[in-house]
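S.K.: Take this structure first; my questions come after.
The values are calculated or read from the model by the stated rules, or taken from the named source; none is laboratory data. Everything numeric in this text was worked out from a predicted model, so none of it was measured. Positions of Cβ are backbone-derived with ideal geometry, glycine not excepted, and every protein chain shown enters the neighbour counts. Note: accessible area is taken over every heavy atom of the protein model, side chains too, but ligands, DNA and RNA are not part of it. Shrake-Rupley method; radii C 1.70, N 1.55, O 1.52, S 1.80 Å.
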Amino acid sequence: MINETFVDVLTRNAEKYPEKKILLSASKNYNYSEIENHSTAIANYLKDLGIKSNDFIGILSLNSPEFIVISFAAWKIGGILTSLNYTLKPEELIYIIQKTKFKCLFLDARFLSNQQLFEILVKTISNIVIIDTVIPKQQLQLAVNSNLYTELIERYNKITFQRINISANHPAVCIFTSGTTGAAKGVLLSHNNLISNIQDMILALKFQSNDIVINVLPMFNIFSFNCAAMLEIYESIPVYIVDKFTPKQTLLAIEKFKITILLAVPVMLKLLIIQQEKEKFNTESLRLVISGGAALDEETFDNFQKIFNLPIYEGFGITETAPVCALNPIGLPPLKKSIGKPLKSVKLRIVDEHGKDCQTNEPGELLIQGPNVMLGYYNDELATNEAIVDGWYKSGDVAVVDDNGNYYIVDRIKDMIIVNGLNVYPAEIEKHINSFDGIIESAVVGYNDRRHGEKIIAFVVVDETTEFDKLKLLKYLKEKLANYKVPDKIIKIAELPKSAIGKILKKELRAKMLEYLKEP
């Protein structure tokens, strides 16, 4: 087990590289000394509020260097940082706030335009700090009875602070899952969970002395937070933080700051391809592109290499494993559709429904073991015990491993459809649907049927410039798939419901199933 916390990491690097600019952005750059001093000031404020070790501290913000400063402030008093997904509805945010009983919330000033949200937050949380680095003070009239982040830095900057000593196994963050299979659960990750995964990623990524990483993923997501921010602070690699992803802004930043490493999700990579075809940006500095968060389709894999002259290295991770479990080995040609091999400290197993190890190329549930596996779900012992059995985390993903030890995700277990007792994996059907002319993307789900167990519905998003014929699509699928895998119904939909990082939310499609079934 690692014997250091992120506070130890910051103290060490602030002493070693005090003036090194490590967090870069359009609004402000931070060196290690500034991160250390500003986080201490905010920690003094939190201490004055009476916040103690194991108390929850929330942040609702777009990406910014201040997001990271606040994280260190929380850890200096032994607090647990909970970053909120800003795409959630107010009632979903209130559920998380009430569950964790926040002692303080740091709120990005850009959300003050949503007066309804702000009023709800004021009624729910006693202490709100407005992160006011972008919006002028005169625009903060809504922030009555709230403190401003910059004023707190000035007020508490020169006060002596004695940090609270915590172990590496102390909870660092509580990240709430998107709730795609039920109510959102709070994933508790320790300093050890996060730092052990960082150390594995350092070995895997093979950093170079001139590397600069760009962070375009929302920081409330663990992929962004640990792999595109905390990893870089740990290893002293500068990171340029984009407040919110747009393809043009990202490509401009890559060109201007000579970015070398990009971590993204497939939907972002698709948009970058489209933007680069419209306007040619100089991306020659880019040497490494990592894809995660969702399955990478073959078309994006091929097109990205063609347009940017770079391969995409796909990996696999989940919030509960801090997050990365596997990655295609850097430097070798990446394999299409493969998540690669497990990281150094991570062990993977594939088991059948009886818990017996599967043979090579035999699909089963992917189990994960390692120092990166979460402490558990906050205040939910039952869910924790169901997820972690005999030290192995049950991912809920169907996977296979080939003769060379490369892993492939087949589908989610909960997404699997059973037709007449036969397993049907939606990803296989979606692959063929997406290859049909005029289809932008698709999602396949099952619905209960007394006679067959389940039937198959395919939701498709169609390019409006192409004439779409459902019968032609069905004929095409019958040529590609066994009869029992062919959808019983195809429904054209304007757009698929998605999470903030582009994951398709099949739960929402199932929730409206009866409504969709009425459509011709």
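S.K.: Could you check Glu508 against (1) closer than 30 Å to Asp243 by Cα; (2) touching a helix residue (DSSP H, G or I) at 6+ places or on another chain (Cβ under 9 Å); (3) in a helix (DSSP H, G or I) and say which number it fails?
M.R.: (2)
S.K.: Spot the failing condition for Ile501; the list is (1) under 30 Å from Tyr86 (Cβ atoms); (2) more than 29 Å from the chain's Cα centre (by Cα); (3) not in a helix (DSSP H, G or I), and only one is missed.
M.R.: (2)
S.K.: Okay, moving on. What do you reckon, is Phe223 open to solvent by 10 Å² or more (accessible area, probe 1.4 Å), closer than 22 Å to Gly315 by Cβ, assigned to a loop (DSSP other than H, G, I, E, B) and among the hydrophobic types (A, V, I, L, M, F, W, C)?
M.R.: On the way: open to solvent by 10 Å² or more (accessible area, probe 1.4 Å): yes; closer than 22 Å to Gly315 by Cβ: yes; assigned to a loop (DSSP other than H, G, I, E, B): no; among the hydrophobic types (A, V, I, L, M, F, W, C): yes.
Considered against the rule, which asks whether it is open to solvent by 10 Å² or more (accessible area, probe 1.4 Å), closer than 22 Å to Gly315 by Cβ, assigned to a loop (DSSP other than H, G, I, E, B) and among the hydrophobic types (A, V, I, L, M, F, W, C), Phe223 comes out as no.
S.K.: If you don't mind, another one. So in region 346-373, with the set limited to residues that are in a strand (DSSP E or B) and of a type in the set (Lys, Arg), which one is least open to solvent (accessible area, probe 1.4 Å)?
M.R.: Within region 346-373, the first condition is being in a strand (DSSP E or B), and the residues that meet it are 347-351, 357, 364-369.
Right, trim to of a type in the set (Lys, Arg) and you get 347, 349.
Working: Lys347: 121, Arg349: 64 Å².
Filtering region 346-373 for residues that are in a strand (DSSP E or B) and of a type in the set (Lys, Arg), the one least open to solvent (accessible area, probe 1.4 Å) comes out as Arg349.
S.K.: I'm told Ile97 meets every condition in (1) part of a helix (DSSP H, G or I); (2) closer than 20 Å to Asn165 by Cβ; (3) open to solvent by less than 50 Å² (accessible area, probe 1.4 Å) except one. Can you identify the failing condition by its number?
M.R.: (2)
S.K.: Right, something else. Quick one: in region 256-266, which of the residues that are of a type in the set (A, V, I, L, M, F, W, C) and over 13 Å from Ile290 (Cα atoms) is most open to solvent (accessible area, probe 1.4 Å)?
M.R.: Just the residues of region 256-266 that are of a type in the set (A, V, I, L, M, F, W, C), to begin with: 257, 259, 261-265.
Imposing the further condition that a residue be over 13 Å from Ile290 (Cα atoms) reduces the set to 257, 259.
Working: Phe257: 69, Ile259: 0 Å².
Filtering region 256-266 for residues that are of a type in the set (A, V, I, L, M, F, W, C) and over 13 Å from Ile290 (Cα atoms), the one most open to solvent (accessible area, probe 1.4 Å) comes out as Phe257.
S.K.: Identify, from the list Phe56, Phe67, the residue that is closer than 26 Å to Lys123 by Cα, of a type outside the set (Lys, Arg), in contact with a Cys (Cβ under 8 Å, 6 or more places away or on another chain) and crowded, with 23+ Cβ neighbours inside 10 Å. Give the steps one after another, and end with the answer.
M.R.: Details: Phe67 fails: in contact with a Cys (Cβ under 8 Å, 6 or more places away or on another chain).
Testing whether each residue is closer than 26 Å to Lys123 by Cα, of a type outside the set (Lys, Arg), in contact with a Cys (Cβ under 8 Å, 6 or more places away or on another chain) and crowded, with 23+ Cβ neighbours inside 10 Å leaves just Phe56.
S.K.: Looking only at residues that are open to solvent by 50 Å² or more (accessible area, probe 1.4 Å) and touching a helix residue (DSSP H, G or I) at 6+ places or on another chain (Cβ under 7 Å) in region 228-255, which one is farthest from Phe67 (Cα to Cα)?
M.R.: Looking only at region 228-255, we keep the residues that are open to solvent by 50 Å² or more (accessible area, probe 1.4 Å), and these are 235, 243-244, 246, 248-249, 252, 255.
Filter again for touching a helix residue (DSSP H, G or I) at 6+ places or on another chain (Cβ under 7 Å), leaving 235, 248.
Values: Glu235: 19, Lys248: 23 Å.
Filtering first and then ranking leaves Lys248.
S.K.: Out of Ala511, Ala494, report the one residue that is among the small types (Gly, Ala, Ser), at pLDDT 90 or above and closer than 29 Å to Val265 by Cβ. Even if it seems obvious, please write down each step before you answer.
M.R.: Working: Ala511 fails: at pLDDT 90 or above.
Exactly one of Ala511, Ala494 is among the small types (Gly, Ala, Ser), at pLDDT 90 or above and closer than 29 Å to Val265 by Cβ, namely Ala494.
S.K.: Also, I was wondering about something else. Consider only pairs whose beta carbons are under 6 Å apart and that are at least six residues apart or on different chains; among these, list those whose first residue lies in region 296-309 and is buried (at least 20 other Cβ atoms within 10 Å of the Cβ) and whose second residue is among the small types (Gly, Ala, Ser) and at pLDDT 95 or above.
M.R.: none
S.K.: Select from region 16-57 the residues that are of a type in the set (S, T, N, Q), under 27 Å from Leu188 (Cα atoms) and outside any helix (DSSP H, G or I) and list them in ascending order.
M.R.: Hits for region 16-57 are Ser53, Asn54.
S.K.: What pairs come out if I take residues in region 336-353 that are without any contact (Cβ under 8 Å) to a residue 24 or more places away in the chain and pair them with residues that are hydrophobic (A, V, I, L, M, F, W, C) and part of a strand (DSSP E or B) whose C-beta lies under 9 Å away, six or more apart or interchain?
M.R.: Lys347/Leu367; Lys347/Ile368; Lys347/Trp392; Val351/Leu366; Val351/Leu367; Val351/Trp392
S.K.: When you check Gly376 against the structure, is it surrounded by 18 or more Cβ atoms within 10 Å (Cβ to Cβ) and small (Gly, Ala, Ser), yes or no? Before the answer, list the steps.
M.R.: On the way: surrounded by 18 or more Cβ atoms within 10 Å (Cβ to Cβ): yes; small (Gly, Ala, Ser): yes.
Judged against the criteria, Gly376 is a match.
S.K.: Taking the conditions exactly as written (more than 17 Å from Tyr408 (Cα to Cα) and surrounded by fewer than 20 Cβ atoms within 10 Å (Cβ to Cβ)), does Lys336 satisfy them or not?
M.R.: Values: more than 17 Å from Tyr408 (Cα to Cα): no; surrounded by fewer than 20 Cβ atoms within 10 Å (Cβ to Cβ): yes.
Spelling it out, it is not the case that Lys336 is more than 17 Å from Tyr408 (Cα to Cα) and surrounded by fewer than 20 Cβ atoms within 10 Å (Cβ to Cβ).
S.K.: Where residues in region 194-220 are part of a helix (DSSP H, G or I) and more than 17 Å from Thr260 (Cβ to Cβ), which of them is most open to solvent (accessible area, probe 1.4 Å)? Before the answer, list the steps.
M.R.: Our first condition is that a residue be part of a helix (DSSP H, G or I); within region 194-220, this holds for 194-205.
Remaining after also requiring more than 17 Å from Thr260 (Cβ to Cβ): 194-200, 203.
On the way: Leu194: 0, Ile195: 0, Ser196: 9, Asn197: 2, Ile198: 2, Gln199: 68, Asp200: 9, Leu203: 105 Å².
Applying the filter and picking the extreme gives Leu203.
S.K.: Another question, then. Just one of the numbered conditions (1) of a type in the set (Asp, Glu); (2) more than 23 Å from Asp243 (Cβ to Cβ); (3) in contact (Cβ under 8 Å) with a residue 24 or more places away in the chain; (4) open to solvent by 40 Å² or more (accessible area, probe 1.4 Å) is not true of Glu92; which one?
M.R.: Here Glu92 meets the rest and fails (2).
S.K.: Which one is least open to solvent (accessible area, probe 1.4 Å) among residues in region 132-153 that are out of contact with any helix residue (DSSP H, G or I) (no Cβ under 8 Å at 6 or more places or on another chain) and at pLDDT 85 or above?
M.R.: Checked region 132-153; the qualifying residue least open to solvent (accessible area, probe 1.4 Å) is Thr150.
S.K.: Here's another thing I want to ask about it. Quick one: which of Ser291, Ser338 is under 26 Å from Gly438 (Cα atoms) and of a type outside the set (A, V, I, L, M)?
M.R.: Ser291
S.K.: Here's something else I'd like to know. Quick check on my filter: what residues within region 256-284 are in contact with a helix residue (DSSP H, G or I) (Cβ under 8 Å, 6 or more places away or on another chain) and of a type in the set (Ser, Thr, Tyr)?
M.R.: Passing the criteria: only Thr283.
S.K.: A further question on this structure: Starting from region 203-232, take each residue that is under 14 Å from Ser83 (Cα atoms) and among the hydrophobic types (A, V, I, L, M, F, W, C) and list its partners that are in a loop (DSSP other than H, G, I, E, B) and open to solvent by 10 Å² or more (accessible area, probe 1.4 Å), counting only C-beta distances under 8 angstrom and pairs at least six apart or across chains.
M.R.: The qualifying pairs are Leu217/Phe245; Leu217/Gly293; Leu217/Ile501; Phe220/Asn85; Phe220/Tyr86; Phe220/Ala500; Phe223/Gly293; Phe223/Ile501.
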